[in-house]
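The values are calculated or read from the model by the stated rules, or taken from the named source; none is laboratory data. Computed from a predicted structure; not experimentally measured. Side chains included, ligands, DNA and RNA excluded: accessible areas come from the protein's heavy atoms. Shrake-Rupley method; radii C 1.70, N 1.55, O 1.52, S 1.80 Å.
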Amino acid sequence: MDKKIILLSFLCISLQLSFVSAQLQVGFYNTKARCPRAESIVRDTVRSRFFADRSITAALLRMYFHDCFVRGCDASILIDSKNTKNKKSEKNAGANGSVRGYELIDQIKSKLEATCAMTVSCADIIALATRDAVALAGGPSYSIPTGRRDGLVSDPSQVNLPGPSLTVPQAFQFFKNKGFTMNDMVTLLGGHTVGITHCSLFKGDRLSRADGSMDTNLFNRLRKTCSSSGDPSVFLDQNTSFVVDNSFYKQLRLKKGILKVDQLLASDKSTAGAVANFAANPRAFQQAFANALIKLGNTQVLTGKSGEIRRNCRAFNPPQLKSPPPPPPKIVKSPPPPPPKILKSPPPPPPKVSIPPPPPPKVSVPPPPPPPKVSFDPPPPPMVSVPPPPPPKVLTPPPPPFFFSSSSSSSSSSSFFSSSSSSSFSR
């Protein structure tokens, strides 16, 4: 029955992580409506600090882990006790008392507020700063989703972190409750490849007696160091102490782990295989470490209308500064075009009336006269002008004998002319 409950709890956490991952997004601030320079501001500020203090990588990794493992990645670890109603906060509770790097977060926040006020959350600043510090220290370069919002509670009674003296099964219970697998736990503890610890955290477990679990030379050297007054510090990775690499796992296989829980990873049957794999395969560790840090950043995050965006990472916003949820990317709609300016123009000139010339008068052309009727009657015979016949030659007869006879003269003349005329017209 208990196994069923544990399995159901694990599935619920996995579903929650998947839902949260969908709400966060890579490049969340990369819009004009938000803060497109946010990630570059974080990166440049972390780089400046890293070249001045290479231990900042370990400090940010620890802050990131301790914040996300209490109430989720909500920057509740940044709240100063003096800024709470009961004057208590996570910052000074238990192991959080030795967390450092707060001033770097303040510096980044100040620059972001000057560029885009009340936009970038303190929780996202921790996640981005840790990513950049890991890459600067030789670790993987990876993209991490953003869009987290800052929490409204910082309760020291809720600080319950896995300690260095736990066994592997005991430590895993903490990780499983947050939705992590055994391999995730082995990978995240690889963050001990950088950073330091204090003698008070391992002296009783590791140096009280020589039980063969620690390299003899290292055992003797540490006993001498930790016998000094005060609470000296030693590197967790005795080889490449400022580099994010797989050297930590190689040290474990040589029995050079400093913390009890670290060294047990190499001997416990549930984790020894992962340790051997990472020790032999640096690329496998780099990829797994990037994935584990992204998954850590998705733990119980606040998004949408939950939480707030703090103006000062060390204090909750006063009531009048409660920030609304980040607006979705603004779709800039161009304003409607202004109405056209109506210019009073002089009245238009009267239209030119073009009077066409009058059409030429219609000339009624009478139809052509009908062709003359051709009479096929034979033409009259041409009129022949017959010249008058010459006068007849009058032969003057010889004068008759001189006598006078009037009747004989008249009868001869008439008969002569008649005969000539009839003969002419007959022809």
Amide H within-cut-off set for Ile196, under 5 Å, with H built and near neighbours excluded: Leu236
For region 168-296, accessible area per residue (1.4 Å probe, heavy atoms of protein chains only), Å²: 46
Heavy-atom accessible area ranking, 1.4 Å probe, most first, across Lys88, Lys256: Lys88, Lys256
Contact order relative to length of region 187-241, as percent, for alpha carbon pairs under 8 angstrom and 6 or more apart: 59
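Semi-axes, largest first, in whole Å: what does sqrt of 5 times each Cα gyration tensor eigenvalue give for region 168-296?
25, 15, 14
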Percent accessible area from carbon and sulfur atoms, region 37-158, protein chains only, probe 1.4 Å: 49
³J(HN,Hα) computed for each position of region 125-142 - Karplus, 6.51 cos²θ - 1.76 cosθ + 1.60, integer Hz, glycine/proline x: 4, 4, 5, 5, 5, 5, 4, 5, 5, 4, 5, 5, 8, x, x, x, 9, 8
Shape of region 18-103, Cα gyration tensor, a/c cut at 1.5: oblate
Region 183-241 - percent of accessible surface contributed by carbon and sulfur, probe 1.4 Å: 46
